[in-house]
Structure formats: structure tokens, C-alpha cells
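To keep things clear, I will list the structure first and then write my remarks on it.
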Amino acid sequence: MRSAAEKYEFETGVYRPPSEGGSNSLLVRLTRNCPWNRCTFCGMYKTEKFQVRSVAEIKQDIDAMAAVRDDLAVLSRSLGQNGEISHPAAIALIEKNPELNHHQGFAMLYHWLLSGGKTVFLQDANSLIMKTDQLVEVLAYLRSTFPSIARVTTYARSKTLVQKSLDDLKAIRRAGLDRLHVGLESGDDTVLKKIQKGATAEIHINGGRKALAAGFQLSEYWMPGLGGKTLWQDHARNTARVLSEIDPHYIRSRPFRVWPGTPMANEMEAGTFEMLTPGEQLRELRLTMQELSVTGRVCFDHAGNYWKNSQGRFLFSHSYEGYKFPEEKQTVLDLLDEGLKAGDRPAHSVRF
């Protein structure tokens, strides 16, 4: 017989895209940390070991989440609230099980259920690295346990997409994985090699196209400023070229910031990498946008997109849906021109 604490126990990782934050998504942990973990700009998992969790372990987590849902519904009915997820029911469950006050994922799960339980994000850095049959089994179990789910998303690496067969990717898509978040970072091979991304421009293109051919909705992330003062033009042009050849549904800007303790931070201290000023970042960004030819949405949905206009307002909308290209391309270019006219303002302190 499992104790109450064990009945409700499940793991929750740390990282997820901003669009999967708050009450937007249930966080279900399939793997721990990052299987690559060599990118010189990233400090997210540097001290952690990568692990693939077993199907049994993941299913146990899903069952624990379902137990919270079901017991909330029982308490809701006892309070005359027709089984609806509610604050009084949550308080009653915590009073019966005080250990939930210290549960790492209870608040996240409760708010997700309260919001309707529509979207899920699979953690951590590259869920697609799981064996296809195991991932399919987990997806089927997750969706059958929570029928309210409308969308499931996860991080993925371009190289993993290239290595998986198209049939495997289609099977995963059919099982219920809808959207992939892929870290492109740059489309320039020199930059990609310097940051030890473990992927070339060709791998990014092939991986992205394969994801689209399998039926996934694709969200690609790139890092303005990653080429520094030396490679900014190549970084801008080649990133635009690669993204244009992929033509993903979403392109998301994540401007480069130095993460203390990373190899790139050491390069800055040694003077071998020079950061762009805010104005130089806008100049690079304008070149990327000018040469970008896509039919998806370009998004600046992150605090790192801090640039402001002459009135002190943020230059871009931080909406998760961003700007539709090519229809709103000129709007983005006009905003960039407005930002460039505002001058080289000091960068805000943004931590990741």
C-alpha cells in the first residue's frame, strides 16, 4: 500500500519555453537534463548527468498526477461543486495531506487543471532521444489518462530529427506529440562550430524539413548577437537562409546573453569574443529580417528582446504568436528602423 505522499509523487524539471509556462502546460518529465550538454553558451545542465527515465517510471508519474485530479474531483463533489477543480477542493486536499505544501509540482498541476488541462510540455532537453516505441507508449498513456489534452510539445535537437526515420517521427506524431521546439541558434557553420552546437546548417535544414514532413508544428529558436562583432553579418545572413529553407511555423528570437561560468563567458573575459551593443544587435536583426523569406510567425516572446523605442516602450510585442510573415514583415522592419533611430541604449540586465 502506497502512502499518501507516494500516491501523489511525481518529478518536475526546471526548464521549459516561456510559451509553456505558468498554467499553460503540464510539465511531464521523460528525460533528465541534456544528452549533448556541450554548447559553450549554455549553463543549464552543465553539472547534471543525462538520463532517460523508464516507461514504468513515467507512467507512475502520470498516475500520480491523475490521482491528484481524481481526489480533487471527489472533494469538490463533497463540497457541492459538481466535481469541478476549485480552490476550496485544493485547500481540503492539502489539509488531508499536508505534505502537498512541499510538493515540487502540486501547484503547477493544480493551476493546469484549473485552467482546463489543455497543453503539456515534455521535459527535459530532448525527449525525442527516447526509443520510438517507448515514446509512443508514453504519449498514448498520457493522452488516455488526461483526455482534455489538446496539445503536447517538447524540446528536440536537429541531429536527433535527422537520425530518426521519417516513419518513426510520423508514429510519434500520430501518438500525440504535436509541436517541437528546436534550438537552431545560428545558421552559420563557423558560429555553430565555435559554440559546439553539434549540428551544421545542413543538419538544421534536414532536421527541420523532416519534422515538417512528419506533420509536426515546428518552433525554431535563434540567438541574435551570437556571432559577436566578428561574425555578425555571416550569422545574420546564414541564419535567415537556413530558416527560409526550413520555413517553420514559428521562429523565436532569444538574444545572446553571457551566462557566467560558461566557456563563452571565459572568451569574453579573455577578449576573444566581443558582444554587440544594443544598437549593433538591432542592425544585425534588421539584416536577418530583411533576408528572411518565410510563411510562419516571427516572435520576440522573451524578456531578452528588451530593445525600446524613443518613447521608452518595448519595440516588439512579446506575444507568443508574434508577427505573421510575409504579411507583417514590413511592420517588423519599420519597428527595427524606429529602434535604430532611438540610438544605442544601454542593455538591461537580463538573466536566464
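Here are a few things to note about the model shown:
- Only listed residue being free of Cβ contacts under 8 Å to residues at least 60 places away in the same chain and not in a helix (DSSP H, G or I), chosen from Ala199, Ala236, Ala265: Ala199
- Condition met for Thr230 (of a type in the set (S, T, N, Q), more than 22 Å from Cys39 (Cβ to Cβ) and either modelled with pLDDT under 95 or open to solvent by 60 Å² or more (accessible area, probe 1.4 Å) (or both)): no
- Residue in segment 250-262 that is surrounded by the fewest Cβ atoms within 10 Å (Cβ to Cβ), counting only those that are in a loop (DSSP other than H, G, I, E, B) and not hydroxyl-bearing (Ser, Thr, Tyr): Pro260
- Condition check for Arg29: open to solvent by 20 Å² or more (accessible area, probe 1.4 Å) and in contact with an Asp or Glu (Cβ under 9 Å, 6 or more places away or on another chain): yes
- Residue check for Asp247: surrounded by fewer than 22 Cβ atoms within 10 Å (Cβ to Cβ) and on the phi > 0 side of the Ramachandran plot: yes
- Entry remark, segment 303-315: residues being touching a strand residue (DSSP E or B) at 6+ places or on another chain (Cβ under 7 Å), surrounded by fewer than 21 Cβ atoms within 10 Å (Cβ to Cβ) and closer than 27 Å to Ile246 by Cα number 1 in total.
- Residue within segment 216-223 that is surrounded by fewer than 22 Cβ atoms within 10 Å (Cβ to Cβ), under 22 Å from Glu327 (Cα atoms) and under 21 Å from the mean Cα position of the chain (by Cα) present: yes
- Residue in segment 237-254 that is in contact with a helix residue (DSSP H, G or I) (Cβ under 9 Å, 6 or more places away or on another chain) and more than 24 Å from Glu328 (Cβ to Cβ) present: no
- Identification of helices (runs of 4 or more DSSP H) wholly contained in segment 57-171 with 1 or more residues that are surrounded by 15 or more Cβ atoms within 10 Å (Cβ to Cβ) and in contact (Cβ under 8 Å) with a residue 40 or more places away in the chain yields 106-114, 132-145, 158-163.
- Restricted to segment 263-293, and to residues there that are surrounded by fewer than 18 Cβ atoms within 10 Å (Cβ to Cβ) and of a type in the set (Val, Ile, Thr), the residue that is nearest to the chain's Cα centre (by Cα) is Thr277.
- When restricted to residues that are touching a residue at least 12 places away in the same chain (Cβ under 8 Å) and either assigned to a loop (DSSP other than H, G, I, E, B) or of a type in the set (Gly, Ala, Ser) (or both), segment 26-56 contains 19.
- Residue list for segment 316-330, restricted to those being part of a helix (DSSP H, G or I) and open to solvent by 60 Å² or more (accessible area, probe 1.4 Å): Gln330
- The set of residues in segment 172-196 that are open to solvent by 10 Å² or more (accessible area, probe 1.4 Å) and either in a helix (DSSP H, G or I) or out of contact with any Leu (no Cβ under 9 Å at 6 or more places or on another chain) (or both) comprises Arg173, Arg174, Ala175, Asp178, Gly183, Asp189, Thr190, Lys193, Lys194, Gln196.
The values are calculated or read from the model by the stated rules, or taken from the named source; none is laboratory data. Just so you know, these numbers come straight off a predicted model, no measurement behind them. Here the Cβ is made from the backbone with ideal geometry for all residues, glycine too, and neighbour counts use every protein chain on show. The area values use the complete protein model at the heavy-atom level, side chains included, leaving out ligands, DNA and RNA. Shrake-Rupley method; radii C 1.70, N 1.55, O 1.52, S 1.80 Å.
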